[in-house]
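One structure is given below, encoded as structure tokens.
The values are calculated or read from the model by the stated rules, or taken from the named source; none is laboratory data. Keep in mind that this is a model prediction, so the values were computed, not measured. Please note: Cβ atoms are built from the backbone with ideal geometry, for glycine as well, and neighbour counts cover all protein chains shown.
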Amino acid sequence: MKQSLTHKILSAHLVSHPSLPTPGEEIGLRIDQTLTQDATGTMAYLQFESMGLDAIKTKVSVSYVDHNMLQTGFENADDHQYLQSVAAKYGLFFSRPGNGICHQVHRERFGVPGDTLLGSDSHTPTCGGLGMIAMGAGGLDIAMALAGQPFYTPMPKVIGVKLTGKLQDWVTGKDVILEMLRRLTVKGGTGRIVEYYGEGAHNLPIADRFTICNMGAELGATTSLFPSDETTLAFLKSQQREASWLDVKADEGCGYDEHVEINLSELEPLIAQPHMPDNVVKVREVAGTPIAQACVGSCTNSSYHDLGISAYILKDKVVNPNVSFTLTPGSKQVFEMIARDKDMTLAMLIRSGARILESACGPCIGMGQAPPSGSVSVRSFNRNFEGRSGTADAKVYLASPETCAASALMGVITDPRDLGIPFASIQDPKEFFVVDDMVIPPVSDKANVKLIRGPNIKPLPHFGALPENLSGKVLLKMGDNITTDHIMPAGAKVLPLRSNIPAISEFTLVRVDPDFPKRCKEWGGGMVIGGENYGQGSSREHAALAPRYLGVTAVIVKSFARIHLANLINFGILPATFVNVADYDTIEQGDELVIENARTQIANHPETITLTNTTKGTNYQITSPLTERQRQLILAGGTLAYAKQEADKIVA
């Protein structure tokens, strides 16, 4: 039978089924590679440590430092020392601070067509541009993969996206993914893998493929991917890694569960307005809007091409006096290339007044460069959630590097086609400057390696099993599209506390309600209520771990985002959805909710569970989207508790 590329790779990595099941049924996948970054990695490795293994069991695993780079106190530096010592002790590669953003470096130095990659960052699908199944997940799922355990996920549907034609001048891969978001919304990829194919796909440069796959996370997709073809081979050759290339592609004429077709020739520059990536319009519709800041960078658009086109637009000119313009080279390699190339790219950027940032995530996660109050910032990033920039009332737009640079030059949102300069195609070098001296490979002598733990690294919290009856007040009721940035903020103040759950829990949901942590303590925990697409955004497991620490026992919503749902289960919080969504409207903060015989009901897996609102004297029907395996995790109190429970059975 003819297969899509997605089905070929999934089939080759199945561990729990003889063949691919129908969409929605849980599958287990063998994971070839993992990656972590420092904001999520410390907790992931603490969890791996607790398993008592001597070494990792994956083909390749890399620990990156790219998020917590502002070292305003000891916390981040201490975490980095811990991460380096863990890598040495257990057999990981360690990418040092300054080497670059994990997704940029991984595609340069480690990604392999046809492999599976699991990363503790939601933008891990970037490497789908190489023809990988690359998925974001919570840190505990990474720890399990490091231990050689399968990664469990619902079998996704596959959206086949046929690309025809060729991009016009000044139109980029960023505009392709913005068009996808305009059509499908931030919920349109949930439970799906997006597979691009067709003549147009083969016409796209590799940098555009990476951008499109990266922002597939904003669709809610499990991952996105392109076939591995001659363009992929040329990229791997430029990285001196042609031996890693495989010709992997879909069978001609294969079928897809759903289908989208985009004629690239018809696209024009697009822009996402505040405060969601799917609030997309043509740049010309908002052209002329004054801006205070423009930024090119992040894991989405910080390649050699992205900085090169920015330099071309700004050549012999100076950034508008009312605009702060920042650029971030995505990796040490990119930084060196723009410093060494014949076009003097770095010199042109410096001459223009652009502010060159270090190779890190930086302003994308609110780690510096917060825009002025009430201002407009145009960014080539992937998310524009309210407050994510570090300025609560800033208006953040998402656009291509071309649009960002044009806007920085003119001081207002500008369609790059209106600059009146001829288009220039920035070609990737045939050979990149490859020196891996900022990557520390696994060491052979691990016996004398000692783990370094700073005072901010606290022990893992331990949670008890699910009680027979669940009861508690509604701690908070929220609306649709609550992101993990709402639940657990990033930024320079909060991110350094990622290895200290008691401390970071004080910031849980404070962007929605500053009194939430205090209320959790006063009320002895309870339940939270949410709307559609609850938990979209980052893979950060702290958005589940911190609420559990505060005593949240159940999250009842209209629908969940994939990674957050898995994280809730991993930490023993009961996830449930309303059978009748109208019931959501009748529940208020402070209502007392009860699930009687919760443990017995979940063990017997009925189709629906009765939720009683004792304050209002009302019963509701809810359902919990749990597989048999996940039921056991919830009953035990989470994945680590279940693993310990099973280990104790073996010892007994």
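Within segment 202-219, is there a residue that is in the same structural domain as Gly353 (by TED's automatic domain parsing), aliphatic (A, V, I, L, M) and touching a Ser or Thr at 6+ places or on another chain (Cβ under 7 Å)? Within segment 202-219 (the criterion being in the same structural domain as Gly353 (by TED's automatic domain parsing), aliphatic (A, V, I, L, M) and touching a Ser or Thr at 6+ places or on another chain (Cβ under 7 Å)), the answer is no, since none of the residues qualifies. Of the residues making up segment 446-499, those that are assigned by TED's automatic domain parsing to the domain that holds Leu633 and without any contact (Cβ under 8 Å) to a residue 60 or more places away in the chain are Met478, Gly479, Ile482, Met488, Lys493, Val494. When Ala339, Ala347 are checked against the criterion of being touching a helix residue (DSSP H, G or I) at 6+ places or on another chain (Cβ under 7 Å), surrounded by fewer than 22 Cβ atoms within 10 Å (Cβ to Cβ), over 26 Å from Val396 (Cα atoms) and among the hydrophobic types (A, V, I, L, M, F, W, C), a single residue qualifies: Ala339. Is there a residue in segment 290-311 that is under 22 Å from Ala406 (Cα atoms), touching a residue at least 24 places away in the same chain (Cβ under 8 Å), surrounded by fewer than 16 Cβ atoms within 10 Å (Cβ to Cβ) and assigned by TED's automatic domain parsing to the domain that holds Met367? Looking through segment 290-311, at least one residue is under 22 Å from Ala406 (Cα atoms), touching a residue at least 24 places away in the same chain (Cβ under 8 Å), surrounded by fewer than 16 Cβ atoms within 10 Å (Cβ to Cβ) and assigned by TED's automatic domain parsing to the domain that holds Met367. Scanning segment 284-305 for residues that are assigned to a helix (DSSP H, G or I) and either at pLDDT below 95 or over 18 Å from Ser375 (Cα atoms) (or both) returns Arg284, Glu285, Tyr304, His305. Counting residues in segment 106-114 that are surrounded by 24 or more Cβ atoms within 10 Å (Cβ to Cβ), in the same structural domain as Ile177 (by TED's automatic domain parsing), touching a residue at least 24 places away in the same chain (Cβ under 8 Å) and within 18 Å of Thr40 (Cα to Cα) gives one or more.
Is at least one residue of segment 36-52 crowded, with 19+ Cβ neighbours inside 10 Å, modelled with pLDDT of 95 or more, over 19 Å from Ala643 (Cα atoms) and of a type outside the set (D, E, K, R)? Checked against the condition, which is being crowded, with 19+ Cβ neighbours inside 10 Å, modelled with pLDDT of 95 or more, over 19 Å from Ala643 (Cα atoms) and of a type outside the set (D, E, K, R), segment 36-52 yields at least one hit. State whether the residues of segment 423-437 include one that is within 30 Å of Glu49 (Cβ to Cβ) and assigned to a loop (DSSP other than H, G, I, E, B). Looking for residues that are within 30 Å of Glu49 (Cβ to Cβ) and assigned to a loop (DSSP other than H, G, I, E, B), one finds at least one in segment 423-437, hence yes.
Just a yes or no: is a residue in segment 140-160 among the aromatic types (Phe, Trp, Tyr) and under 20 Å from the mean Cα position of the chain (by Cα)? So far as segment 140-160 goes, yes, one or more of its residues are among the aromatic types (Phe, Trp, Tyr) and under 20 Å from the mean Cα position of the chain (by Cα). Residues in segment 418-455 that are among the acidic types (Asp, Glu) and surrounded by fewer than 13 Cβ atoms within 10 Å (Cβ to Cβ): Glu431, Asp437, Asp445. For segment 60-96, filtering for residues that are within 23 Å of the chain's Cα centre (by Cα), part of a loop (DSSP other than H, G, I, E, B) and touching a residue at least 40 places away in the same chain (Cβ under 8 Å) leaves 7. In segment 340-356, which residue that is part of a helix (DSSP H, G or I) and of a type outside the set (Gly, Ala, Ser) is farthest from Leu314 (Cα to Cα)? Ranking the qualifying residues of segment 340-356, first place goes to Arg340. Tally the residues that are closer than 17 Å to Arg498 by Cβ and surrounded by fewer than 19 Cβ atoms within 10 Å (Cβ to Cβ), restricting the search to segment 456-485. Residues in segment 456-485 being closer than 17 Å to Arg498 by Cβ and surrounded by fewer than 19 Cβ atoms within 10 Å (Cβ to Cβ): 4 in total. For segment 255-273, how many residues are assigned to a loop (DSSP other than H, G, I, E, B) and either surrounded by fewer than 17 Cβ atoms within 10 Å (Cβ to Cβ) or in contact with a helix residue (DSSP H, G or I) (Cβ under 8 Å, 6 or more places away or on another chain) (or both)? Of the residues in that region, 6 qualify. Is it true that some residue in segment 541-550 is hydroxyl-bearing (Ser, Thr, Tyr) and in contact with a strand residue (DSSP E or B) (Cβ under 8 Å, 6 or more places away or on another chain)? No, because not a single residue in segment 541-550 is hydroxyl-bearing (Ser, Thr, Tyr) and in contact with a strand residue (DSSP E or B) (Cβ under 8 Å, 6 or more places away or on another chain).
Within segment 386-417, restricting attention to residues that are surrounded by fewer than 24 Cβ atoms within 10 Å (Cβ to Cβ), among the hydrophobic types (A, V, I, L, M, F, W, C) and touching a strand residue (DSSP E or B) at 6+ places or on another chain (Cβ under 9 Å), the residue that is nearest to Lys317 (Cα to Cα) is Leu409. What residue, of Ser61, Ser16, is surrounded by fewer than 16 Cβ atoms within 10 Å (Cβ to Cβ) and either of a type in the set (Gly, Ala, Ser) or assigned by TED's automatic domain parsing to the domain that holds Cys254 (or both)? The match here is Ser16. Can you find, within segment 489-511, the residue that is surrounded by the most Cβ atoms within 10 Å (Cβ to Cβ) among those that are aliphatic (A, V, I, L, M) and farther than 21 Å from Pro371 by Cα? Looking at residues that are aliphatic (A, V, I, L, M) and farther than 21 Å from Pro371 by Cα, I get Leu509. In the set (1) assigned to a loop (DSSP other than H, G, I, E, B); (2) in contact with an Asp or Glu (Cβ under 8 Å, 6 or more places away or on another chain), the condition left unmet by Ala406 is number (1).
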